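These notes are about the structure you will find just below.
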Amino acid sequence: MRIDVVTIFPGYFDALELSLLGKARRRGLIDVRVHDLRDSAHDKHRTVDDTPSGGGAGMVMTPEPWGEALDAILAEGAEADRPAGEPEPLLLFPSPAGEVFTQRMARELAEERHLVFGCGRYEGIDQRVFDEYAERGRVRLVSIGDYVLNGGEVAAIAMIEAIGRLVPGVVGNPDSLVEESHEADGLLEYPSYTKPAVWRGREVPPVLLSGDHAAVEAWRREQRIERTRRVRPELLPRELRGGAPGRHAAD
Ligand SMILES: N#Cc1ccccc1Cn1ccc2ccc(-c3cc(N)[nH]n3)cc21
């Protein structure tokens, strides 16, 4: 998978040199290329913003640098002899006004060959950039939650991590992803424990030390249902709604 990122803060993406994603990049599983939008702004001050049309507070990112930067990436992708029938790269713009990013979307995006993230700043990007590229290919505005960040970089890093870890070979033990794939049912994770068996008088639940795998699986499923019912009842499948609340640890 190739991932291009356009941003005025390329340094944010140094984080992608670390840990699993850094290893995946060095192993050639994921090719991440970060582009400074200001390299596509040719005035003396490499300006990428201007006052909002119609007035209002703040500044808006002008379309010209975005057009030059995105055209260059898309042209490069085309020259890299994209196999016949392979779709155009998918352009993703983090936005508070976007569709909400979910694990389902992460799985869907992990199937793509080429993603391009456009990270806005200020009050956002001139709408005509989205319109231009939606006419020429695929564009999705994506929110990572109902709160407002100062720009798209943190959202892009979160999405790249969630997507990257699903790319085959990135996560050492694919079994853990298999477990997650059961989370397609939308239930939250069960609580995790490890050694020591007792910590400050708090025991690991005995069932987890029983060696009875069927009992452990049943306990974990019950914990997932209980936690989901308590924390995110809207995620419960219809057939699991209702039912007496069980005893539960704090979250
Ligand atoms: N747009 C906008 C905007 C509008 C008003 C005030 C501040 C901003 C900042 N901003 C500029 C770019 C940009 C990109 C993504 C987010 C973003 C995503 C999620 N899920 N929250 N925030 C915010 C972004």
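Yes/no per residue for (1) surrounded by 12 or more Cβ atoms within 10 Å (Cβ to Cβ); (2) within 16 Å of the ligand (Cβ to nearest atom); (3) without any contact (Cβ under 8 Å) to a residue 12 or more places away in the chain:
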{"position": "Gly152", "(1), (2), (3)": "yes, yes, no"}
{"position": "Ala156", "(1), (2), (3)": "yes, yes, no"}
{"position": "Ser176", "(1), (2), (3)": "no, no, yes"}
{"position": "Leu187", "(1), (2), (3)": "yes, no, no"}
{"position": "Tyr193", "(1), (2), (3)": "yes, no, no"}
{"position": "Leu208", "(1), (2), (3)": "yes, no, no"}
{"position": "Glu222", "(1), (2), (3)": "yes, no, no"}
{"position": "Ile225", "(1), (2), (3)": "yes, no, no"}
{"position": "Pro237", "(1), (2), (3)": "no, no, no"}
Residue, nearest to Glu123 (Cα to Cα), within the range 48-62, restricted to residues that are within 11 Å of the ligand (Cβ to nearest atom) and either among the acidic types (Asp, Glu) or not in a loop (DSSP other than H, G, I, E, B) (or both): Val60
Qualifying residue in the range 112-129 (condition: touching a residue at least 12 places away in the same chain (Cβ under 8 Å) and over 30 Å from Thr47 (Cα atoms)): yes
Filter result for Gly172 (within 30 Å of Ile30 (Cβ to Cβ) and either modelled with pLDDT of 95 or more or open to solvent by 40 Å² or more (accessible area, probe 1.4 Å) (or both)): yes
Count - residues of the range 72-125 that are more than 19 Å from the chain's Cα centre (by Cα), within 14 Å of the ligand (Cβ to nearest atom) and open to solvent by 70 Å² or more (accessible area, probe 1.4 Å): 2
The range 8-47: number of residues that are not charged (D, E, K, R) and not in a loop (DSSP other than H, G, I, E, B): 16
Cross-chain or 6+ apart pairs with Cβ under 6 Å, the range 84-105 first and outside any strand (DSSP E or B), then within 13 Å of the ligand (Cβ to nearest atom): Phe101/Val142; Phe101/Ile144; Phe101/Met159
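The values are calculated or read from the model by the stated rules, or taken from the named source; none is laboratory data. For clarity, every value in this text was computed on a predicted model and none was experimentally measured. No Cβ is skipped: glycine too gets one built from the backbone with ideal geometry, and neighbour counts run over all protein chains shown. Surface accessibility is based on the protein's heavy atoms, side chains included, excluding ligands, DNA and RNA. Shrake-Rupley method; radii C 1.70, N 1.55, O 1.52, S 1.80 Å.
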